[in-house]
1. Every residue in region A:1-24 that is within 16 Å of A:ARG79 (Cα to Cα) and surrounded by 21 or more Cβ atoms within 10 Å (Cβ to Cβ), please.
2. A:ASP55 versus (1) more than 10 Å from chain B (Cβ to nearest Cβ); (2) closer than 21 Å to B:GLN58 by Cβ; (3) part of a helix (DSSP H, G or I); (4) not hydroxyl-bearing (Ser, Thr, Tyr): which is the lone unmet condition?
3. I'd like to know if region A:39-58 contains one or more residues that are within 20 Å of B:LEU24 (Cα to Cα), among the hydrophobic types (A, V, I, L, M, F, W, C) and over 11 Å from the mean Cα position of the chain (by Cα).
4. Which one of these is closer than 19 Å to B:SER30 by Cβ, surrounded by 15 or more Cβ atoms within 10 Å (Cβ to Cβ) and either facing chain B (nearest Cβ under 7 Å) or of a type in the set (Ser, Thr, Tyr) (or both): A:GLY31, A:GLY87?
5. Taking the stated definitions as given, is B:LEU131 touching a helix residue (DSSP H, G or I) at 6+ places or on another chain (Cβ under 7 Å) and within 24 Å of A:HIS34 (Cα to Cα)?
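Bear in mind that the values in this text are calculations on the coordinates, not laboratory data. Because the structure is predicted, anything quoted here is derived from the model rather than measured. Cβ placement follows ideal geometry from the backbone for every residue including glycine, while neighbour counts extend to all protein chains displayed.
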Amino acid sequence: MAGPRFVADPPEAARTVALETLTAFYHAPSGTTHILAPPAPQILEALAGRPGEADEVLARIGERFELASDDAPAAIAARLAELEAAGLVRRA
Amino acid sequence: MSESDHTSPSEGGFAPSRRTILALGAAAASTVVTIRPAFANTAVSVLNCQIPVPSPDQAGNFIAADGSVVPPGTPGAFPPAPRPLTGEEVKALLHNGPTPAGLDADAAQAYVKYIGRLHAGTSGFTCFASLQMPR
């Protein structure tokens, strides 16, 4: 299954501050700040400088976390679409 | 009376697990909120954002006068910008301002047309979009 491949900017392009359960994320290339809720920061970390499809993102995150979702493929696709619309990931 | 607040019985036996549960959320949920600059002083960082011309995945290609990305060496097209343009430079160009230092004037007009064609998800779009926002 070949879905679109996404990539995020490398970690040095961003400054993050953990705010309890949320993350303030300053994206230097765009000069914009975003407030992220899980699993958005984890997805950005999984794609930082490493292109991957939705399945690969799930696999990378799954190495560190127990994923909880009724429909993981739909959820990850929705998260990637959000991050793309925000300009934080792009098609690789 | 408040000393007991410092200890939480539920944390006493908590062993951090490497396998923390991460909820992926429902498809309809939202996990990204972008903070829009609403004050003049926040505009500074926006104007420092950068737009690569062309985007990194198209590096090396030329920019035609109409802003389209064409193969290197295409007659009448311009080489890639020698450096990413800043939001401030693009804003000036959009308002018929001066050509940024180090750029050919005709090439700069092609770059502006290229930037105007950017869409969500392409490198530089967020920077360009932020220039369009009213302040």
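1. From region A:1-24, those within 16 Å of A:ARG79 (Cα to Cα) are A:3-8, A:22-23; that's our starting set.
A:PHE6, A:ALA8 - these are the residues of region A:1-24 that are within 16 Å of A:ARG79 (Cα to Cα) and surrounded by 21 or more Cβ atoms within 10 Å (Cβ to Cβ).
2. (2)
3. Within region A:39-58 (the criterion being within 20 Å of B:LEU24 (Cα to Cα), among the hydrophobic types (A, V, I, L, M, F, W, C) and over 11 Å from the mean Cα position of the chain (by Cα)), the answer is no, since none of the residues qualifies.
4. Details: A:GLY31 fails: closer than 19 Å to B:SER30 by Cβ.
So the residue among A:GLY31, A:GLY87 that is closer than 19 Å to B:SER30 by Cβ, surrounded by 15 or more Cβ atoms within 10 Å (Cβ to Cβ) and either facing chain B (nearest Cβ under 7 Å) or of a type in the set (Ser, Thr, Tyr) (or both) is A:GLY87.
5. Values: touching a helix residue (DSSP H, G or I) at 6+ places or on another chain (Cβ under 7 Å): yes; within 24 Å of A:HIS34 (Cα to Cα): yes.
Yes; evaluated as a whole, the condition is true for this residue.
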